[in-house]
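The values are calculated or read from the model by the stated rules, or taken from the named source; none is laboratory data. Bear in mind that the values here come from a model prediction, so they are computed numbers and not experimental data. Backbone-built Cβ (ideal geometry, glycine too); neighbour counts: all protein chains shown. Ligands, DNA and RNA are excluded from the accessible area calculation, which covers all protein heavy atoms including side chains. Shrake-Rupley method; radii C 1.70, N 1.55, O 1.52, S 1.80 Å.
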Amino acid sequence: MSAMDTRHGIGVSPGIAVGPVVQVRPPVRPPDKEPATADPAASGKQIRRVLESVAGTLESLAGRAGPTAQEILTATAMMARDPGLAAAADKHLAGGSGPATAVDAAAEEYCAMFSAAGGYLAERVTDLRDVRDRAVARLLGLQDPGVPELTEPSVIVAHDLAPAETASLQRDLVLAIVTESGGPTSHTAILAAQMGIPAVVQLPRAVALDVGTILAVDGSTGEVFVDPDAGTEATLIARSERRAEALGATSGPGATSDGHPVALLANIGTADDAERAAVLDVEGVGLFRTEFLFLGQEIAPTLEEQVAVYTRVFQAFGPRRIVVRTLDAGADKPLAFADLGSEENPALGRRGLRLSAERPELLDTQLTALSTATRTTGADVRVMAPMVATAEEAAWFARRVREHGLPVAGVMIEVPAAALRSRHVLAEVDFASIGTNDLGQYTLAADRMQGELATLLDPWQPAVLDLVAAACDGGRDTGKPIGVCGEPAADPLLALVLTGLGVSSLSMAPTRVPAVRAALHLHDLRTCTAMASAARAARSPRDARDAVLALANRLMSDLI
Ligand code: PEP
Ligand code: MG
């Protein structure tokens with residue numbers, strides 16, 4: 001009997017799932033030198049047939065999608081049927097192109113026209129490229145790229161997933177997500193956790209897995225079993241049941257066993273996220289990533305659009321706090337309408353608050369919208385800036401927030417300079433939230449998008465913990481609250497260390513809150529403080545984790 005194929009990736013969204021593989025196919029390009037068509041009229045007919053079949057697929061997807069996706073897919077189907085598109089392809093056929101090249105070129109001409117027209121049409125470029133990619137693949141006799149239409153609950157396997165692809169997954173049929181690349185702080189990982197879908201990134205040879213192969217995925221440990229036997233499945237299920245029982249035993253506001261409060265908050269990216277999170281046992285929102293609302297949008301959202309979505313989010317949370325982060329565009333979160341052109345090192349370039357300084361009208365519209373929605377809902381809204389490096393930047397931002405009548409201004413601490421100088425930064429604002437994802441990237445000089453640097457990006461890196469400690473010292477000195485809203489807040493063991501370092505709130509994907517709450521309930525503040533010292537005294541991330549585990553209650557093994 002052959003041994004079971006067990007692989008190890010990085011678990012980024014907890015939960016167990018067992019199901020068949022569906023592979024996400026990358027887009028195909030027309031062949032470099034596609035031969036000219038021998039019969040342009042026949043090729044023209046073939047292109048029309050293919051575009052019609054693409055329209056049919058999009059319509060059938062629309063039939064099963066939610067209202068927003070339905071509207072988009074129906075409009076996209078109409079673009080596939082636009083006689084002008086086929087006519088443009090005819091011209092390329094007549095000029096000596098092969099069918100795939102002709103469709104590709106015709107679609108690109110339309111995209112250029114749409115972009116130049118701006119407004120609603122410019123926003124349709126991504127949709128038209130979807131039509132193009134499907135048509136090119138079909139003309140070459142290949143399957144459509146992207147996430148195939150799901151007919152049964154499946155495990156989605158991809159090299160990597162674009163955030164937009166993750167966001168548009170058919171939630172009810174996706175059991176788990178497994179990617180071969182992607183880091184633990186990539187936005188795909190974050191979105192999967194947000195949607196409560198078990199996910200593993202960095203799984204070796206994932207894209208080589210045959211479609212239909214059964215996988216058992218453990219999104220907590222990162223283990224993936226290929227064709228699992230009944231015993232493995234039973235062990236995984238038993239572990240998840242024990243965990244569920246431990247999580248069900250606590251509820252309400254976060255606190256250590258001796259009553260030291262640590263607010264447990266949700267990270268959200270959309271109004272749908274807000275409505276899903278609001279019915280859960282969370283104390284509010286610690287990070288509303290507003291740029292997630294506008295991913296893929298080619299034009300800036302209007303004031304009215306923004307007021308509508310912020311109002312929905314604020315209403316969902318009633319009196320609970322909502323920390324809104326202003327647009328964090330650039331680098332790993334590109335927004336077409338906030339693009340300042342290419343840069344050598346986008347992560348070190350004009351991103352986050354720096355972009356708001358260069359495009360003040362974007363910040364002004366956003367603050368006006370936030371202020372209107374705050375006034376009409378009466379919500380407890382606190383606004384913070386991303387990527388703040390200096391006290392001057394913090395002061396500039398706080399002034400703008402207050403000028404818009406928003407009473408509480410804060411900053412994210414995700415640049416080492418801001419952590420080291422947090423006393424001065426905090427003196428300018430009302431609160432801070434530590435973004436450990438970027439803080440890790442900038443401390444270790446390791447691109448968070450580069451999965452192969454995962455060891456350097458390990459949130460247990462003692463150097464990152466030293467910077468969190470420095471930031472917390474500034475909080476203590478100024479009497480201002482300081483939280484953590486990066487992914488480590490969701491790790492039950494690391495959450496204890498952060499508590500010991502002095503943070504007063506932890507914000508995470510809402511599905512992770514119960515495990516962190518249970519971990520806090522098992523330990524008193526003194527133990528958390530001892531854990532923080534042990535982690536900082538360690539030489540490596542692994543030593544830090546081992547040292548903390550040695551101090552932890554043994555019941556923690558079911559939570560991590
Ligand atoms: C962070 O950097 O830790 C953070 C919370 O922000 P984002 O992941 O959106 O950059
Ligand atoms: Mg960040």
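Checking the conditions here, which among Ala255, Ala176 is touching a residue at least 40 places away in the same chain (Cβ under 8 Å) and touching a His at 6+ places or on another chain (Cβ under 9 Å)? I'd like the intermediate steps shown before the answer.
Numbers: Ala176 fails: touching a His at 6+ places or on another chain (Cβ under 9 Å).
Of the residues listed, the single one that is touching a residue at least 40 places away in the same chain (Cβ under 8 Å) and touching a His at 6+ places or on another chain (Cβ under 9 Å) is Ala255.
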Taking the condition of being outside any helix (DSSP H, G or I), more than 16 Å from ligand 2 (Cβ to nearest atom) and within 22 Å of the chain's Cα centre (by Cα), how many residues in the stretch 471-505 meet it?
2
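Here is a yes/no grid of residues against (1) within 26 Å of Leu295 (Cβ to Cβ); (2) in contact with an Asp or Glu (Cβ under 8 Å, 6 or more places away or on another chain):
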| position | (1), (2) |
| --- | --- |
| Ser97 | no, yes |
| Glu109 | yes, no |
| Arg129 | yes, no |
| Asp133 | yes, yes |
| Arg138 | no, yes |
| Glu149 | yes, no |
Going through the stretch 432-461 one residue at a time, which ones are surrounded by 18 or more Cβ atoms within 10 Å (Cβ to Cβ) and either of a type in the set (Ser, Thr, Tyr) or part of a helix (DSSP H, G or I) (or both)?
Ser433, Thr436, Asn437, Asp438, Leu439, Gly440, Gln441, Tyr442, Thr443, Gly451
Tell me yes or no: at least one residue of the stretch 31-52 is loosely packed, with under 13 Cβ neighbours inside 10 Å, in a loop (DSSP other than H, G, I, E, B) and among the basic types (Lys, Arg).
yes
How many residues of the stretch 408-462 are closer than 17 Å to Gln202 by Cβ and touching a strand residue (DSSP E or B) at 6+ places or on another chain (Cβ under 7 Å)? The answer is 2
Is it true that Ala446 is within 16 Å of ligand 1 (Cβ to nearest atom) and without any contact (Cβ under 8 Å) to a residue 24 or more places away in the chain?
yes
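From the list Val429, Val411, Val381, exactly one residue is modelled with pLDDT of 95 or more, assigned to a strand (DSSP E or B), more than 16 Å from ligand 2 (Cβ to nearest atom) and surrounded by 21 or more Cβ atoms within 10 Å (Cβ to Cβ). Which is it? Walk me through it before giving the result.
Numbers: Val429 fails: assigned to a strand (DSSP E or B); Val411 fails: more than 16 Å from ligand 2 (Cβ to nearest atom).
Val381 is the lone residue from the list that is modelled with pLDDT of 95 or more, assigned to a strand (DSSP E or B), more than 16 Å from ligand 2 (Cβ to nearest atom) and surrounded by 21 or more Cβ atoms within 10 Å (Cβ to Cβ).
Does Asp339 satisfy being at pLDDT below 95, within 16 Å of ligand 2 (Cβ to nearest atom), out of contact with any Asp or Glu (no Cβ under 8 Å at 6 or more places or on another chain) and charged (D, E, K, R)? Working first, answer last.
On the way: at pLDDT below 95: yes; within 16 Å of ligand 2 (Cβ to nearest atom): no; out of contact with any Asp or Glu (no Cβ under 8 Å at 6 or more places or on another chain): yes; charged (D, E, K, R): yes.
In short, no.
Just the residues that are within 27 Å of the chain's Cα centre (by Cα) and more than 14 Å from ligand 2 (Cβ to nearest atom), please, taken from the stretch 384-405.
Step one: list which residues in the stretch 384-405 are within 27 Å of the chain's Cα centre (by Cα), which gives 384-390, 393-394, 397-398, 401.
Thr390, Glu393, Ala394, Phe397, Ala398, Val401 - these are the residues of the stretch 384-405 that are within 27 Å of the chain's Cα centre (by Cα) and more than 14 Å from ligand 2 (Cβ to nearest atom).
Could you tell me which residue of the stretch 217-233 is most open to solvent (accessible area, probe 1.4 Å), considering only residues that are of a type in the set (A, V, I, L, M, F, W, C) and farther than 19 Å from Thr511 by Cα? Working first, answer last.
Step one: filter the stretch 217-233 for residues of a type in the set (A, V, I, L, M, F, W, C), giving 217, 224-226, 230.
Still in the running and farther than 19 Å from Thr511 by Cα: 224-226, 230.
Numbers: Val224: 0, Phe225: 22, Val226: 15, Ala230: 84 Å².
By that ranking, first place goes to Ala230.
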How many residues does the stretch 117-141 contain that are at pLDDT below 85 and open to solvent by less than 10 Å² (accessible area, probe 1.4 Å)?
2
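Quick check on my filter: what residues within the stretch 348-396 are among the hydrophobic types (A, V, I, L, M, F, W, C) and within 16 Å of ligand 1 (Cβ to nearest atom)?
First pass over the stretch 348-396, keeping only residues among the hydrophobic types (A, V, I, L, M, F, W, C): 348, 353, 355, 357, 362-363, 367, 369-370, 373, 379, 381, 383-385, 387-389, 391, 394-396.
Within the stretch 348-396, Leu348, Leu353, Leu355, Val383, Met384, Ala385, Met387, Val388, Ala389 qualify.
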(1) within 16 Å of ligand 2 (Cβ to nearest atom); (2) over 20 Å from His159 (Cβ atoms); (3) in contact with a Gly (Cβ under 9 Å, 6 or more places away or on another chain) all hold for Ile190 apart from (2)
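Of all residues in the stretch 496-525 being open to solvent by 30 Å² or more (accessible area, probe 1.4 Å) and in contact (Cβ under 8 Å) with a residue 60 or more places away in the chain, which is farthest from Ala255 (Cα to Cα)?
So the residue we want is Thr511.
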Only one of Thr250, Thr311, Thr270, Thr302 is modelled with pLDDT of 85 or more and buried (at least 20 other Cβ atoms within 10 Å of the Cβ), namely Thr270
List the residue pairs whose Cβ atoms are under 6 Å apart, where the first residue sits in the stretch 290-306 and is closer than 12 Å to Ala369 by Cβ, the second is part of a helix (DSSP H, G or I) and small (Gly, Ala, Ser), and the two are 6 or more positions apart or on different chains.
Leu303/Ala369; Gln306/Ala369
